[in-house]
Amino acid sequence: MSGQTITRSQLSEAVYQEVGLSRNESADLLESVLEEMSQALARGETVKISSFGSFSVREKGQRIGRNPKTGEEVPIMPRKVLVFRPSQLLKNRINKAASDGSGSA
């Protein structure tokens, strides 16, 4: 694994390079897309991006956990978690890149 991270500014720059909008317009477009995705997930909707995957919110119920240091039982409260399920196409691209040894899809 390379350990590299892609940032918002890098995504915005990629939009600028590919689409030809100004840098400010590219940044605004990216922010709008991310904000719409966030709002949809907050409403409990699933966000599906064709050929990439889907994001959804899952409810986890209350359960009993253990403190690893003391072994004491501790209740873990119910919560919502974000789940990403990659599309088969994305899985194939990642596996192809890994088998090629290039590390980039």
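The values are calculated or read from the model by the stated rules, or taken from the named source; none is laboratory data. Keep in mind the model is a prediction, meaning the values are calculated, not measured. Cβ placement follows ideal geometry from the backbone for every residue including glycine, while neighbour counts extend to all protein chains displayed.
Okay, residues lined up against (1) in the same structural domain as Glu36 (by the TED database); (2) within 17 Å of Ala40 (Cα to Cα); (3) modelled with pLDDT under 95:
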residue	(1), (2), (3)
Gly53	no, yes, no
Val57	no, yes, no
Asn67	no, no, yes
Val74	no, no, yes
Val81	no, yes, no
Pro86	no, no, no
Leu89	no, no, no
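Suppose we keep only residues that are touching a helix residue (DSSP H, G or I) at 6+ places or on another chain (Cβ under 8 Å) and not aliphatic (A, V, I, L, M) within segment 47-77. Which one would you say is farthest from Asn92 (Cα to Cα)?
Only one residue fits best here, namely Ser56.
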Anything in segment 18-32 that is surrounded by fewer than 10 Cβ atoms within 10 Å (Cβ to Cβ) and assigned to a helix (DSSP H, G or I)? List them, or say none. Glu18
Any strands (runs of 3 or more DSSP E) falling wholly within segment 33-105 and containing at least 1 residues that are basic (Lys, Arg): 47-49, 53-60, 63-66, 79-86
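Checking the structure you have, find out if any residue of segment 1-8 is small (Gly, Ala, Ser) and closer than 23 Å to Pro86 by Cβ.
Filtering segment 1-8 down to residues small (Gly, Ala, Ser) leaves 2-3.
After this cut, where a residue has to be closer than 23 Å to Pro86 by Cβ as well, the list is 2-3.
Looking through segment 1-8, at least one residue is small (Gly, Ala, Ser) and closer than 23 Å to Pro86 by Cβ.
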Based on this model, can you work out whether Glu45 counts as surrounded by 10 or more Cβ atoms within 10 Å (Cβ to Cβ), modelled with pLDDT of 95 or more and at negative phi? yes
Kindly establish whether Arg58 is in contact with a Pro (Cβ under 9 Å, 6 or more places away or on another chain) and among the basic types (Lys, Arg). no
Which residue, of Gln39, Gln4, is under 18 Å from the mean Cα position of the chain (by Cα), exposed (fewer than 10 other Cβ atoms within 10 Å of the Cβ) and either outside the structural domain of Arg85 (by the TED database) or under 24 Å from Leu90 (Cα atoms) (or both)? Gln4
Residue in segment 63-86 that is under 22 Å from Ala14 (Cβ atoms) and touching a strand residue (DSSP E or B) at 6+ places or on another chain (Cβ under 6 Å) present: yes
